[in-house]
1. For K295 and D269 in one chain, what is 0.36 nm times their gap in residues minus the Cα-Cα distance, to one decimal in nm?
2. Provide the net charge surrounding N36, with neighbours chosen by a C-beta distance below 10 Å and charges set as Lys +1, Arg +1, Asp -1, Glu -1.
3. Taking H placed 1.01 Å from N in the peptide plane, check which residues at least 5 places from T443 or on another chain put their amide H under 5 Å from its amide H.
4. Among K140, K281, K521, which comes first, second and so on when ranked by fewest other beta-carbon atoms within 10 Å?
5. Once both labels are modelled 7 Å past Cα along the beta-carbon direction, what's the K240-D484 spacing in nm?
6. Contour minus end-to-end for N545 and E145, with contour as 0.36 nm per residue of separation and end-to-end as the Cα-Cα distance?
7. Hey, with R₀ at 35 Å, roughly what FRET efficiency would E225 and K577 work out to, going by the Cβ-Cβ distance, to 0.05?
8. How high is the FRET efficiency from A101 to D426, r the C-beta distance, R0 22 Å, rounded to 0.05?
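Please treat every number below as a calculation from the coordinates, not as lab data. This is a predicted model, so every value here is computed, not measured. FYI the Cβ positions are ideal-geometry reconstructions off the backbone, even for glycines, and counts take in every protein chain you see.
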Amino acid sequence: MNIKELEGKKLFREMQISRETLDEKERTLNLSFSSNDPYLRSWGWEILSHDPGHIRMDRLSKNAPLLLNHDTEKQIGAVKQAVISEVEQKGRALVRFSKSALGEEIYQDVIDEIRTSVSVGYVIHQVEEVKKVDGKKAFKVVDWEPLEISIVPVPADITVGVGRNQEIIENEEVTSMETKNAPTAPVVEVVKVNEDAIRKDAQNTEHKRMDEILAVADQFGMQKEAREYLTSGKSIEEFKNFVLEKVSNAKPVATQSTEIGLSTKEKRDFSMIRAVEASMKNDWSKAGLELEASKAVEQKFNKQAKGFYIPFDILNRDVDYDTEGTDLVQTTLLGSSFIELLYKKSIVKALGATSLDGIVGNIDIPRMSGGATVYWQTAENTEVTESTPTFDKVSLTPKSMGAIVDVSKLLLNQSSMSVENMLINDMTTAIAIAVDTAAINGTGLTGQPTGLLNSSINDGNITTSTGLTYADVVNLETLVATDDADFGALAYLTSAKVRGYLKSNPINATYGDRMMWQNEKAGEGSLNGYRSVASNVVPDTLDTNHSGLIFGNWSDLILCYFAPGLDVMVDPYSGAKNRLVSLICYMDIDVGVRHLESFASAENILIS
């Protein structure tokens, strides 16, 4: 195997939790997430280097997520500190568990020693071949990047390109789980934990962060802003980016073509299923067109695929069905491209959100933050007092979003065009849900965009002691109208449970003849005369048993889709028991709000 093929791969490594470091009062746990112990793969031994400069710790140190089973939809906490102990040749972290229902459930399992394994997800950037171990090739990973830490169940076999697990047992041999009869690695000597050294490393890292932020703040006169970054634990890189945006001009939108120039015949011949099968078998001999297209995208945009790229030439290709001899045809997709299908399936896009697709590079969208002032002349010859509008900008940067689609292995064996387009339908649905979720409730942390509910939009101020009233609904419209923003694509969005509440509660409790949610048709309704839509992308767990209602001009919500296209990574192992193949579909997106005053939300609606 060419070692260059390892670079860019996302892998996982598992170790055991030591309950002795659990602080039940603070809900924190000190754990070891990595070591330099050799691990046997089909292509040889892999050794993760813990030498200085060989590990990129920026992302893990920036409040990275604590996940369940590496599922980005199941965050159960956060990484508060992460350091590399060069003495032990191990990575160590302090994690805190969330108080959410899922976080509490897993936290209790850890306390009860039901869940005893922790795993780190990481990406390989550079590998070097070293001296053989037990007659087999050995590779030292000299540049790798931990992305997240997960609590995982009993170790399972997840092989190359998808994951890896291993148990570390004191004074015993490290056993590879890739094959039943795999040879064993050399005995690994367990080093006693030097807690003082770990604490000192953490203190030095924090002092360095504070000193660098204060130095930049003094240079540009931003001491007030620096205090916010210091107290929130944000990195020096984040503060530098903030300062750069403040002192620089808005960047223009890139105009480079997002397509790689496939001919009409090549677009017609391109097969997503053929590319999936080739990636699954690691044999591209029958998928030359698909492989060359993916490489062309990598070369044009200088970004390596996690799996393989489906270029914009194909994403903009019309979906066309072979209707002969099949019952799988979905005529609702006929004549639409992948991007058009994605827009049709997106709730926020249907409400009127503005979409920018195929953007190359970061973009800044200027907006006026302070308008001109009106003055009246006291006499014909008096001058009108001059006023200057003020401006700021909405900055949009690529954020990698992944959506998982499970496909039957039997279905992948079919060659019908309708099967391929069923796959397209599933992929666009999964991505649309992920985009909507980010647009509504993205945290702005751990690589996520900042969604509406986590932006500084108008607060409807619903109390927990009472249910939602008609006056509360009208108040949302009033907040938007007070800011002169009640125009454009005005509509309500809420959760299914709040819709149920609105459909069963009258406008006037005394008479009770008209319910708040009216004119239900095709899943939509009317709330105080405005279009109203319910979707599960509005969570029912904003606070325990509370949900939200959003009103606003949805055209001021911006969805930005960045080139180079759709990145698909194939996982044939996780669902192998059920004869399923998981497709992890990555797209670079971001979400922005053109005018925050265009939206108002009630985020504390009691629904239990």
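1. 7.7 nm
2. Combined, the nearby Lys, Arg, Asp and Glu give -1.
3. Residues meeting the criterion, in which the H sits 1.01 Å from N, are G451.
4. K521, K281, K140
5. 4.1
6. That pair, N545 and E145, stretches by 140.3 nm at full extension.
7. That gives a FRET efficiency of 0.10.
8. 0.20
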